[in-house]
Structures are given as structure tokens and as C-alpha cells.
Amino acid sequence: HSEKRTFPPGLTKRYRVTRKVLGVGSFAVVKECVEKSTNTPFALKVIMKKAVNGKEHMLTTELNVLKWVHHPNIVSMHEIFETTEALYIVTDLASGGELFTQLVAKGNYTEKDASKLVEQMLNGVAYLHSLDDNQIVHRDLKPENLLFQTPQPDANLMITDFGLSKMLSHQDDVLTTACGTPGYVAPEVLTRKGYGKPVDMWSIGVITYVILCGYSPFWGEDQAALFESILSGEYQFDEEYWSDVSKEAKDFIRGLLILDPSKRMPAQGALQHPWIKNRNPDHVDLL
Ligand code: ADP
Ligand code: MG
């Protein structure tokens, strides 16, 4: 297999890279690998340096930060290998697939399940946003970057792909289809006025909306129309799909889909919102 020869020797010494491709993103191909000494499977993210476009220095700095990030709702990095062409990042394996895939299969989630999923996202994001010296803004939160740790129905949700987006894309990329459908992007990113923590909170608002009803709050025939829709900040809770959804859920979404970033709930605040905090405890189900 010709590809095998291109893996750095340090990597192949410790890991066996399998043929299984776990996913393909905008910048990376993710494969499965197995740590030889323990037979433990991991994910191997291969990023071609072409994508970094002369910002290698930034990439190295950021990767050093990301190595210290450890939280149950975040895909951790274990090791990084580098060649002149590519970066090889060994991370936790999330074998349950993307939230996106489950969402498509289910159509939408019950409120209770949605609240649990959103709480896990918030826990991960609150942690990233609170890191002392190096607060990390994800900037690319969307169902494709939310992975289940295992295939079990109650699997832990983990955020992937954080921190890298600002290095791997020119700001312009967000305005092109190269990055996929930018339906989750905050308005201030589109106008290039802001890239702070509230950017992630907007995305969580969009994700919450989508997982409750199965469609997006902002919409357009083409990309220009979609941007216009996002920039207007206007969206509806259409009776047909939202009449049975609680007012707490709608209030939660309203607290996030606010044009002014400074008025959006921060992650810690969102965790205190009644829709998250006062969710029926699990044991009620068992009675
Ligand atoms: P990109 O930065 O190119 O978007 P991602 O990190 O989002 O790359 O990975 C692309 C896809 O690969 C994800 O959407 C997911 O399907 C899969 N993937 C990424 N990380 C893992 C992982 N740790 N375990 C399992 N699958 C993963
Ligand atoms: Mg991705």
C-alpha cells in the first residue's frame, strides 16, 4: 500500500493505521488507527499542510494549546506527528458517528433528549470558553462536528474540530461553499465584525432549533439569500412544527439567536437556563 510509506516513522512505530476511513471534513481525512502496545483504537486526523496556507507557526502554537484540553465532551488530542506535507493528530475515537447522521435518521429529537444533548455541548463549550490563558472559540460548531463516543443510544456527545478552524481557513472561506453550508455561522462572522465566544453560542442556538424541529431557522434559495436571512436575525417558530414545543425551549433559543453578540447568553448562563437546568430528572422515566 503506497500510502503507508508516507506516514511518519514515529507514528507507524506506535500505531497501526487501518483502512477504515471514519470521515472526511473540509481539511482533513480521519482514519482509524490502533495503538500497538495496548490494542486501543484511536482516530487519526490527517491534515495536509497545503490547507494551512503559510500559517504553520500559528498551527503549531494552537496545537500546543489543544494538547492540554481535556474534557468528557471534547475529543482530546493524544499525539501529534508532523512531516513536511502533513500533520497527523491522534485523538479519542468517537465510534458513534456524527450527530448529523442521527438527526437525519430521526428527523428530530424529543425535548428531553435534545436538552440532554445541548447540555453536553454547553459543558464542552463552557470549558473551552473558560480556559484561563487560552480561551478557545470553536467557530465551527455544527452537527457534523458533534460526535457520539459510542454507538449506544445514551452515548456521550463530543465536540471535535475546535480551535483549528481559524487557522485552517481564511476568513473568506466562511463566505464560500468550500466550508460547506454556513447555516450555523453567526451574523457577526459574516460581516467580519466579531469572532469571539458569542459566535459559538449563536451556533448552539441554531443547532438547538434544528434538533427540535428537523429544519433550519435561516434559509435561502442560494447562499446570498441564506446570508441575508442570517443577517436579518429573523426566524419563526412555525405553528405546524413548534406548537407542542415548550415555552422554555423557545425561550432558550431566543436567548441565543440574538443579533447583538453581547446580549446572547454565555455558555455558563445557558447551562443555568430552566430548559437545561429544570429538565425532568432521568429517574422519572423509570417510575
Ligand atoms: P475537518 O476539520 O476537516 O472538518 P473533522 O475533525 O471535522 O475534520 O473530521 C471530519 C469527519 O471525520 C467528522 O465529521 C467525523 O465524521 C469524522 N471524525 C472526526 N474526528 C473523529 C473521531 N475522533 N472519531 C470518529 N470520527 C471522527
Ligand atoms: Mg469538521
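A few notes on this one:
- All of THR110, THR84 fail the test of being farther than 26 Å from GLY205 by Cβ and surrounded by fewer than 19 Cβ atoms within 10 Å (Cβ to Cβ), apart from THR84.
- Test: residue in the stretch 160-174 that is at pLDDT 85 or above, under 16 Å from the mean Cα position of the chain (by Cα) and buried (at least 19 other Cβ atoms within 10 Å of the Cβ): yes
- All positions within the stretch 149-161 that are of a type in the set (A, V, I, L, M, F, W, C) and more than 9 Å from ligand 1 (Cβ to nearest atom): ALA155, LEU157, ILE159
- Taken over the stretch 246-280, the residue count meeting the criterion of being part of a helix (DSSP H, G or I), farther than 13 Å from GLU111 by Cα and among the small types (Gly, Ala, Ser) is 4.
- Checking each residue in the stretch 77-110 for being within 16 Å of ligand 2 (Cβ to nearest atom) and within 20 Å of HIS138 (Cα to Cα) picks out MET77, LEU87, ILE89, THR91, ASP92, LEU93, ALA94, GLY97, GLU98, LEU99, PHE100.
- Restricting the stretch 115-127 to residues that are touching a helix residue (DSSP H, G or I) at 6+ places or on another chain (Cβ under 6 Å) and surrounded by fewer than 21 Cβ atoms within 10 Å (Cβ to Cβ), the residue that is modelled with the highest pLDDT is GLU119.
- Pairs linking a residue in the stretch 112-125 that is farther than 17 Å from GLY255 by Cα to a residue that is aliphatic (A, V, I, L, M), with Cβ atoms under 6 Å and 6 or more positions apart or on different chains, are LEU117/LEU157; GLN120/LEU157; GLY124/ILE74; GLY124/ILE159.
- Counting the residues of the stretch 5-30 that are part of a loop (DSSP other than H, G, I, E, B) and within 16 Å of ligand 1 (Cβ to nearest atom) gives 3.
- The residues of the stretch 31-40 that are basic (Lys, Arg) and not in a loop (DSSP other than H, G, I, E, B) amount to a single one, LYS31.
The values are calculated or read from the model by the stated rules, or taken from the named source; none is laboratory data. Small disclaimer: the values here were computed from a predicted structure and weren't measured. Cβ coordinates were reconstructed from backbone atoms using ideal geometry, including for glycine residues, and neighbour counts include every protein chain displayed.
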